[in-house]
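Scroll down for the structure; my scribbles are underneath it.
The values are calculated or read from the model by the stated rules, or taken from the named source; none is laboratory data. These numbers come from a predicted model, not from an experiment. As a convention, Cβ positions derive from the backbone with ideal geometry for all residues, glycine included, and neighbour counts pool all protein chains shown. Keep in mind that these areas ignore ligands, DNA and RNA; they rest on the heavy atoms of the full protein, side chains included. Shrake-Rupley method; radii C 1.70, N 1.55, O 1.52, S 1.80 Å.
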Amino acid sequence: MIAALAVFIVLGVLHLFTPYWWWVMAVPFVFGLAYGRSAWRAARTGALAAGALWLGAAAYFQLAGSALIARRMAGLLGIGSPWVMVAAAGLLAALAAGVSGLAGFSLRALFRGSSKTR
Amino acid sequence: MRILRAVFAAALAAAVFWGLHFRHGLLPPLGKLVNPFAGFWRNGDRPDPALEVITLPGLRERVDVVWDDRRVPHIFARNDHDLYFAQGYLVARDRLWQMEFQTLYAAGRLSEVVGPAGLEHDRLQRRLGMTWAAERSAQAMAGDPVINGVVQAYADGVNSFIAGLRPHELPVEYKILDFRPEPWTKLKAALLLKYMAWTLSGHNTDLSQTRTRDALGEDFVRSLYPDFPPLLEPIIPRGADWGFQAAPQAADGAGEAPRTPQPPASVPAARDGEADPRGVGSNNWAVAGSRTRTGFPILCNDPHLNLTLPSIWYELQLTAPGVNVRGVTFAGAPGVIIGFNRDAAWGMTNLGADVLDWHRVRFRDSSRREYAYGGGWRPVIARNETIKVRGRRAVRDRVLYTHHGPVVRLEEEEAAEDWIPAGAAMRWAAHDPSVELKAVYLLNRGSSYGDFLEALRHFACPAQNFVYADAGGDIALWSNGRLPMRSPGQGRFLLDGSSPGDDWPGWIPWERNPHVLNPERGFVSSANQHPADETYPYRLGWDFSSFERGARINEVLAAGAGFTPRDMEDLQRDGLSLRARMLLPRLLSALRAATLAPEERRALEALERWDGVFAADSVAATLFDALWRALNERTWNDEKEAGLESVAWPMSNVFLDLALNRPDSPFFDDKTTPGVERFDDLILPAFQTALGRLGERLGPFGGAWRWGRARGTEIGHLGRLPGFGSGKLETPGGPAVVNATQRSSGPSWRMTVALGPEIRAWGILPGGQSGNPGSRFYDNAVADWVAGKTYELLFLESPDDPVPGAASRTELRGAR
């Protein structure tokens, strides 16, 4: 959980100051590479942190003036409700972060040679 | 094993990245777009701060902006440069994507943004010479020091907004389509005007007229599509003393009386639609003080266009030493295009004169380097076009120009649009350089009829009916533009590109444009109809709007006195159909005499109770509209001429004249039956056809057939993004009535200006000020527009004037 919190904070800071969406892939990847303890944990940590961050941020904007644009976007993408858009933001980030955490760890396992995943 | 797993995981991550980072066909780049920190979530609606201070390098002095409760900016600058700089900055802030998209559209550069889907459109725009025309006009602008300064200051303002734009602040359409704004230029300003010229003057029926003539003869064409149809209600009142005569070569059939249509042996199938496929319906008028309650003129204008969101127009007030003007403009055009100042008001409807011809080109050989002209050969000028296509290799095209203009479609090519003839060069007035913005600049500053005329000289294309009124009491109307003088018969059919005699012999001298100042009747008006009757010495075209709207406006204005602005707004909303008023008695008497099924009888009863008004809740309006169509179809559709797929329906003037005055015309005979039918024999079958169709489309007869639902209006998004439009609106108004609202077109701006010591004005646009689909000011006026309401247009003398309702301020400051 502490790992997830750390990733959450790092991601949050990067997102606040830069426009790049792919931090939700890059940060969990680096985390998996540097600190991953198992494939599952690396994926889960990234997914949890990024998913929670995007979900929370989307919910915040939804409530703070973005309800109209979310409704239009839901219409554009053929999604019923703007709140589904909020959930989709969380899921999208979780998916991207999960697979990149996993990729990061897999690379780490490669370099670590014989050291077993624990 | 580990390697395999690593490769698999890396591939999976790469695939997810690829899937979310790029656009896939119509699917936007979801990662970028959904990112709450920079994606669409950031395009929300934030309340404006009460006072906002923005520092803009390039601004010379302070500019004060007051935003009224509808977010209309009232801009107070201390010099012209800052005025247009601020306009550029503020309009870009509200409408950047719209400005850019319209100019990309005009330039034939959509493929750069949307990919191969834009290719066909882009190729056509290149072939039409849109950028070539814009380059020539941009050059002309650069040659006028004042306008050059205005356009440059405006561009600098737009660019200062773009420079300060952070990624998360990009308009949402950029995020969806995944591209970035490029700098605004003078060329883009010119492209925008060419885009309007194309919309309003870039169409003709020369090809279909030629085909019809070739199949059925010129007499047929001249009788069904006469230069001057029956029931003519010209803009310039009859009996005008023109005070000049045309040069002899332009006296095409002058003084010729309308001829009674003589049907040929057979009549080809009609196109399903009106003679005027554009379906525009702009109106304007000015009433002299003798007919108003205050004793000062009132001026009205509702320009109709194909409606889109963001709104086509942007409302604003521009104030600087020497100018204080209020009204609407296009996003991308400096100044106020339709509006008023303290002393005068003006408005426009499209003139629709024929300023586009086609000249058949004979090339010397297959290299197409020379073409025949005047008994010799002339060199073809080729312009190479490169169309960049997103995600693909660029497409190249060579556009061939004769001295007439570009060859839009080569002999062997398919038609991009069915009215564009093959192997012909296009001669179009908008290809010639002109500086319409100069007219706008002068109109904004004008205070007298003399100033108005000085401005009009500069407005070439698209030619407009300019209405004018001032506090001094003058009212005027000018059908104004640069209009070709024509040789006899020229302009209706395809011309011979090798014959110098087929070239335009010149332009009608500007001061001879049809016009009227302070007519005795105490009002002037226009509704896209014929500008003048047969006595006007020049031929301007024939394909104008039918008489009904103009006649209705004139009838109401002529019958009344002591008019108030409210009366004028009632007329803008007027839904009475002259068609219905003229034709309905005849239809009803025929139907009453017929044996009807129960549902048919109920429909007849609805028609009998109808007042002829196209109201949103009127079932009878729906019935009449369907019946009108069915009658036209039965009149024109019953036979086909070999080699001719369709013939355009003649305008309603012709149809009504036949139905009412020549009901036994052979046109009404159904050639598929042995008997001989008259107009009255068509009515019952047409009625049954109409009912059958409506039943199929709308269900059983009843409230579901109401006009607002059966026709309705949808204001779509400019880039056709689903969910970004208005949805279906149950609007009143209809074909050939003053409120000429249609399925996708309608009054793009409604304005009523009461002149006098204290000027007052009202208006509404179908949308709002903001171009941001996430803002409540994107479509805040739509419901009131449907309901026919207007807002009083705040006109400030100083930024310190009291502003009713919630207002906020912006201070723009220059940087040292």
Among the candidates B:F8, B:F17, single out the residue that is open to solvent by 20 Å² or more (accessible area, probe 1.4 Å), assigned to a helix (DSSP H, G or I) and at pLDDT 95 or above. B:F17
If you go through segment B:764-774 one residue at a time, do you hit one that is out of contact with any strand residue (DSSP E or B) (no Cβ under 9 Å at 6 or more places or on another chain) and under 18 Å from B:D570 (Cα atoms)? no
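Yes or no, residue by residue, for (1) surrounded by fewer than 15 Cβ atoms within 10 Å (Cβ to Cβ); (2) among the charged types (D, E, K, R):
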residue: B:W504; (1), (2): no, no
residue: B:L517; (1), (2): yes, no
residue: B:A527; (1), (2): no, no
residue: B:E534; (1), (2): no, yes
residue: B:L557; (1), (2): no, no
residue: B:A561; (1), (2): yes, no
Among (1) among the small types (G, A, S); (2) assigned to a loop (DSSP other than H, G, I, E, B); (3) more than 13 Å from chain A (Cβ to nearest Cβ), there is one condition B:A38 misses while meeting the rest; what is its number? (3)
Test B:P565 against the stated conditions and say whether it is within 19 Å of B:V287 (Cβ to Cβ), in contact with a Ser or Thr (Cβ under 6 Å, 6 or more places away or on another chain), at pLDDT 95 or above and of a type outside the set (A, V, I, L, M, F, W, C). yes
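Restricting to segment B:300-327, what's the tally of residues that are acidic (D, E) and at positive phi? Let's see the steps before the verdict.
Residues of segment B:300-327 that are acidic (D, E), as a first pass: B:302, B:315.
Keeping just the survivors that are at positive phi gives none.
The total comes to 0.
For A:A67, state whether it is open to solvent by 10 Å² or more (accessible area, probe 1.4 Å), at the interface with another protein chain (Cβ under 8 Å from one of its Cβ atoms) and either without any contact (Cβ under 8 Å) to a residue 24 or more places away in the chain or of a type in the set (K, R) (or both).
Yes: the conditions hold for A:A67.
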Name the single residue, out of those in segment B:326-352 being closer than 25 Å to B:D69 by Cβ and over 23 Å from the mean Cα position of the chain (by Cα), that is least open to solvent (accessible area, probe 1.4 Å). B:N341
Is it true that some residue in segment B:596-604 is in a loop (DSSP other than H, G, I, E, B), open to solvent by less than 60 Å² (accessible area, probe 1.4 Å) and more than 24 Å from B:T731 (Cβ to Cβ)? yes
Quick one: in segment B:47-94, of everything that is aliphatic (A, V, I, L, M) and in a strand (DSSP E or B), which residue is most open to solvent (accessible area, probe 1.4 Å)? B:L51
Residues in segment B:744-755: is at least one part of a loop (DSSP other than H, G, I, E, B), within 30 Å of B:F161 (Cα to Cα) and open to solvent by less than 10 Å² (accessible area, probe 1.4 Å)? yes
Any idea which of (1) surrounded by fewer than 18 Cβ atoms within 10 Å (Cβ to Cβ); (2) within 9 Å of another protein chain (Cβ to nearest Cβ) is the one A:G80 doesn't satisfy? (2)
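Output the number of residues of segment B:169-183 satisfying the condition of being of a type outside the set (D, E, K, R), out of contact with any Asp or Glu (no Cβ under 8 Å at 6 or more places or on another chain) and surrounded by 18 or more Cβ atoms within 10 Å (Cβ to Cβ).
Count: 6.
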Can you spot a residue in segment B:363-371 that is part of a strand (DSSP E or B), open to solvent by less than 10 Å² (accessible area, probe 1.4 Å) and in contact with a strand residue (DSSP E or B) (Cβ under 8 Å, 6 or more places away or on another chain)? yes
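Does B:R2 satisfy the condition of being more than 8 Å from chain A (Cβ to nearest Cβ) and farther than 30 Å from A:W54 by Cβ?
Working: more than 8 Å from chain A (Cβ to nearest Cβ): no; farther than 30 Å from A:W54 by Cβ: yes.
So B:R2 fails the test.
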Do we have B:G771 as within 25 Å of B:A92 (Cα to Cα) and of a type outside the set (S, T, Y) here? yes
Which one is most open to solvent (accessible area, probe 1.4 Å), of the residues in segment B:20-35 that are closer than 19 Å to B:P773 by Cβ and within 7 Å of chain A (Cβ to nearest Cβ)? B:K32
One residue from B:A77, B:A14 being farther than 30 Å from B:G327 by Cα and either more than 7 Å from chain A (Cβ to nearest Cβ) or out of contact with any strand residue (DSSP E or B) (no Cβ under 6 Å at 6 or more places or on another chain) (or both): B:A14
Do we have A:A42 as at the interface with chain B (Cβ under 9 Å from one of its Cβ atoms) and either in a helix (DSSP H, G or I) or farther than 13 Å from A:S100 by Cβ (or both) here? no
For segment B:130-172, give me each residue that is free of Cβ contacts under 8 Å to residues at least 60 places away in the same chain, within 25 Å of the chain's Cα centre (by Cα) and under 15 Å from B:A333 (Cβ atoms). B:A138
Between a residue in segment A:16-28 that is facing chain B (nearest Cβ under 9 Å) and any residue that is among the polar types (S, T, N, Q) and open to solvent by less than 30 Å² (accessible area, probe 1.4 Å), which pairs come within a Cβ distance under 7 Å, given they are 6 or more apart or on different chains? A:W21/B:N35; A:M25/A:S100
Taking segment B:537-578 and keeping only residues that are polar (S, T, N, Q) and closer than 28 Å to B:N513 by Cβ, one is left with B:S545, B:S546, B:N554, B:Q572
Just give me the residues in segment B:758-802 being part of a loop (DSSP other than H, G, I, E, B), open to solvent by 30 Å² or more (accessible area, probe 1.4 Å) and more than 14 Å from chain A (Cβ to nearest Cβ), in sequence order. B:E758, B:A787, B:K789, B:T790, B:L794, B:F795, B:E797, B:S798, B:D800, B:D801, B:P802
From the option list A:S100, A:S106, single residue qualifying as within 17 Å of the chain's Cα centre (by Cα), facing another protein chain (nearest Cβ under 7 Å) and hydroxyl-bearing (S, T, Y) is A:S100
Note on segment B:194-227: residues open to solvent by less than 20 Å² (accessible area, probe 1.4 Å) and farther than 30 Å from B:E135 by Cβ are B:Q209, B:T210, B:T212, B:F220, B:V221, B:S223, B:L224, B:Y225, B:P226
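Per-residue answers, yes or no, for (1) open to solvent by less than 30 Å² (accessible area, probe 1.4 Å); (2) touching a Phe, Trp or Tyr at 6+ places or on another chain (Cβ under 9 Å); (3) modelled with pLDDT under 90; (4) facing another protein chain (nearest Cβ under 9 Å):
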position: A:G36; (1), (2), (3), (4): yes, yes, yes, no
position: A:A50; (1), (2), (3), (4): yes, yes, no, no
position: A:M73; (1), (2), (3), (4): yes, yes, no, yes
position: A:A89; (1), (2), (3), (4): yes, yes, no, yes
position: A:A93; (1), (2), (3), (4): yes, yes, no, yes
For segment B:751-763, state whether one or more residues are farther than 18 Å from B:N528 by Cβ and among the aromatic types (F, W, Y). yes
Leading residue by the ranking (nearest to the other protein chains (Cβ to nearest Cβ)) among those in segment B:702-724 that are in contact with a Lys or Arg (Cβ under 8 Å, 6 or more places away or on another chain) and open to solvent by less than 30 Å² (accessible area, probe 1.4 Å): B:F724
